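Notes follow the structure.
The values are calculated or read from the model by the stated rules, or taken from the named source; none is laboratory data. All figures in this text were calculated on a predicted structure; none of them were measured in a lab. With ideal geometry, Cβ positions are generated from the backbone for all residues, glycine too; neighbour counts draw on all protein chains shown. Keep in mind that these areas ignore ligands, DNA and RNA; they rest on the heavy atoms of the full protein, side chains included. Shrake-Rupley method; radii C 1.70, N 1.55, O 1.52, S 1.80 Å.
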Amino acid sequence: MPGRAELKHRIVTRFQRYLANPVNRRLPFQTLLETTGRTSGLPRRTPVGGRRVGDSFWLVSEFGPKSQYVRNIQADPEVRVRIAGRWHRGTAHLLPEDDARARLRALPRFNSAAVRALGTDLLTVRVDLAD
């Protein structure tokens, strides 16, 4: 029988994959992170919450290395981020040494609350934007 964290991960992932993400990807104001699928090579778009600070975009992954987009970043860190309807190219960096809980306090409140409530293995991601 899976542990509590594993069960939480399965439930949240299924909800996001089949209900929340398909709806949120269509919203024009939703921030999206586009990675390249590590197996398929196809673009993969994931709704995320975060904030642009200067030439960087910061976000926190709620499932860390178990998140599919984190695994895609490990295979190919070149990504795109749609912020306020405009796409930006960038290079993603996984920052396990960063205090993800402290980072969430500097990011949008609603998303940060959801990440804290649903997450089991928080991981900070910084995208250095090229344009």
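Observations, loosely collected:
- Three semi-axes describe the equivalent ellipsoid of the stretch 56-107; taken as square roots of 5 times the Cα gyration tensor eigenvalues and ordered largest first, they are 18, 16, 9 Å.
- If you wrap the chain in the convex hull of its Cα atoms and look at it from every side, the mean projected area works out to 8.1 nm².
- Modelled spin-label separation between Trp87 and Arg101, with each label point placed 7 Å from Cα along the Cα-to-Cβ direction: 3.8 nm.
- Of the solvent-accessible surface of the chain, computed with a 1.4 Å probe over protein heavy atoms with every protein chain present, carbon and sulfur atoms account for 53 percent.
- Only protein heavy atoms count here; on that basis, with a 1.4 Å probe, Phe29 has an accessible area of about 150 Å².
- A 1.4 Å probe run over the protein chains yields, for the chain, 60 Å² of accessible area per residue, whole-number rounding.
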